[in-house]
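Each remark here refers to the structure printed beneath this line.
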Amino acid sequence: MKHVVLMSKVPKMGRVKTRLAASIGWVEATQFHRRTLFATARKLKDPRWMNWLSVSPDHSVYQPRLWPNGWAVIPQGDGDLGDRMLRPMVGLPPGPVVIVGSDIPDITVDHIAAAFEALGENDMVFGPATDGGFWLVGAKRRPRMIDPFKDVRWSTEHALSDTLSNLPDETKIGFLETLSDVDD
C-alpha cells in the first residue's frame with residue numbers, strides 16, 4: 001500500500017502561519033491556512049493510496065471537526081520538523097510514503113502520482129521549493145529507512161541541501177518540479 005501524509009498544524013488563530021500573519025494579519029493567515037488545508041486534502045485524496053493527516057498539537061486528533069473528512073488523523077508527536085516527518089516514515093504500515101505540507105497551493109494529485117512513480121526507481125524523492133527547502137519528500141523505505149533529517153536547518157535556504165547531505169552516497173534520489181510553499 002502507498003501512503004500519503006499531509007502535515008498540518010491545527011487551524012486556529014495564533015497557532016499557524018505566524019510569519020505570514022506578520023504581513024497580512026492573524027485572521028487572514030488563519031483563514032488562508034484553513035482554506036489551503038481543506039483544498040489540498042480534497043485535491044490529494046485518492047483511492048490509489050492511503051490518506052494520512054499528521055496533525056499538531058497531538059490532542060487535536062480528538063477534534064475531528066477541525067480536520068478534512070476521509071483522512072486518517074495521526075499525531076505528529078514531539079521534536080523538530082525532521083522528527084515529526086520521520087515518525088510516519090518509520091511507523092506506518094509497509095509501502096512507500098510521500099509527505100507534503102498543507103501550504104502548497106499549486107500541488108495536484110498528479111504530483112503525488114509522479115512521486116510514487118519516481119520511487120519505483122529511486123530510494124527517495126524530493127519536490128524542491130523555491131526557497132531552498134522542499135515541498136515533498138518521499139521514501140521507498142526498503143530495504144530500510146534511514147534518517148535524512150538530522151541537523152537540518154529548517155526554515156532556511158539550506159533545508160534541502162542539508163537533507164541531501166545526510167543521505168548515503170549510494171542513495172538513488174529523484175526530483176519533481178520546483179513549487180512554492182507559502183511561509184510568509
Self-check item: Tabulated pairs, segment 104-125, first over 17 Å from THR36 (Cα atoms), second of a type in the set (S, T, N, Q) and assigned to a loop (DSSP other than H, G, I, E, B), C-beta under 8 angstrom, 6+ apart or interchain
Solution: ASP123/THR171; MET124/THR171
Exercise. Just need a number here: residues in segment 35-46 that are crowded, with 19+ Cβ neighbours inside 10 Å and not aliphatic (A, V, I, L, M).
Key: 2
Practice problem: State which residue pairs qualify: first residue over 13 Å from ASP106 (Cα atoms) and inside segment 28-45, second residue hydroxyl-bearing (Ser, Thr, Tyr) and surrounded by fewer than 19 Cβ atoms within 10 Å (Cβ to Cβ) in any location, beta carbons under 8 Å apart, and separation of 6 or more residues or different chains. | Solution: ALA29/THR18
Self-check item: In segment 23-67, the residues that are out of contact with any Asp or Glu (no Cβ under 7 Å at 6 or more places or on another chain) and among the polar types (S, T, N, Q)
Solution: THR30, GLN31, THR40, ASN51, SER54, SER56, SER60, GLN63
Quiz item: Can you pull out the residues in segment 16-62 that are in a loop (DSSP other than H, G, I, E, B), in contact with a Ser or Thr (Cβ under 8 Å, 6 or more places away or on another chain) and not aliphatic (A, V, I, L, M)?
Solution: LYS17
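The rows are residues; the columns are (1) under 26 Å from LEU92 (Cα atoms); (2) within 18 Å of the chain's Cα centre (by Cα); (3) not polar (S, T, N, Q).
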{"position": "VAL4", "(1), (2), (3)": "yes, yes, yes"}
{"position": "VAL16", "(1), (2), (3)": "yes, yes, yes"}
{"position": "GLY25", "(1), (2), (3)": "no, no, yes"}
{"position": "GLN76", "(1), (2), (3)": "yes, yes, no"}
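Scan segment 17-25 and give yes if some residue there is hydrophobic (A, V, I, L, M, F, W, C), over 23 Å from VAL98 (Cβ atoms) and either surrounded by fewer than 15 Cβ atoms within 10 Å (Cβ to Cβ) or modelled with pLDDT of 95 or more (or both), otherwise no. First the steps, then the outcome.
Let us first name the residues in segment 17-25 that are hydrophobic (A, V, I, L, M, F, W, C), namely 20-22, 24.
Now narrow it down to the ones that are over 23 Å from VAL98 (Cβ atoms): 20-22, 24.
The next check asks that each one be either surrounded by fewer than 15 Cβ atoms within 10 Å (Cβ to Cβ) or modelled with pLDDT of 95 or more (or both); those that pass are 22, 24.
Looking for residues that are hydrophobic (A, V, I, L, M, F, W, C), over 23 Å from VAL98 (Cβ atoms) and either surrounded by fewer than 15 Cβ atoms within 10 Å (Cβ to Cβ) or modelled with pLDDT of 95 or more (or both), one finds at least one in segment 17-25, hence yes.
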Self-check item: Enumeration of residues in segment 143-182 that are within 26 Å of ALA113 (Cβ to Cβ), assigned to a loop (DSSP other than H, G, I, E, B) and either in contact with a strand residue (DSSP E or B) (Cβ under 8 Å, 6 or more places away or on another chain) or in contact (Cβ under 8 Å) with a residue 40 or more places away in the chain (or both)
Solution: MET145, PRO148, PHE149, LEU167, THR171, LYS172, LEU176, GLU177, THR178, SER180, ASP181, VAL182
Practice problem: Search segment 63-99 for residues being assigned to a helix (DSSP H, G or I) and of a type in the set (A, V, I, L, M), and hand back the single one that is farthest from LEU136 (Cα to Cα). | Solution: LEU66
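Looking for whichever is within 16 Å of the chain's Cα centre (by Cα) and among the hydroxyl-bearing types (Ser, Thr, Tyr) here; the options are SER155, SER161. Which one fits?
Numbers: SER161 fails: within 16 Å of the chain's Cα centre (by Cα).
After ruling out the rest, the residue left standing is SER155.
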Exercise. From (1) surrounded by 19 or more Cβ atoms within 10 Å (Cβ to Cβ); (2) over 16 Å from the mean Cα position of the chain (by Cα); (3) under 28 Å from VAL16 (Cα atoms), pick out the condition that doesn't hold for ALA118.
Key: (3)
Quiz item: Any idea which residue in segment 46-99 is nearest to LEU167 (Cα to Cα), counting only those that are among the small types (Gly, Ala, Ser) and touching a residue at least 60 places away in the same chain (Cβ under 8 Å)?
Solution: GLY82
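The values are calculated or read from the model by the stated rules, or taken from the named source; none is laboratory data. No experiment lies behind these values; they were computed from the predicted model shown. In this analysis, Cβ positions are derived from the backbone assuming ideal geometry, glycine residues included, and neighbour counts consider all displayed protein chains.
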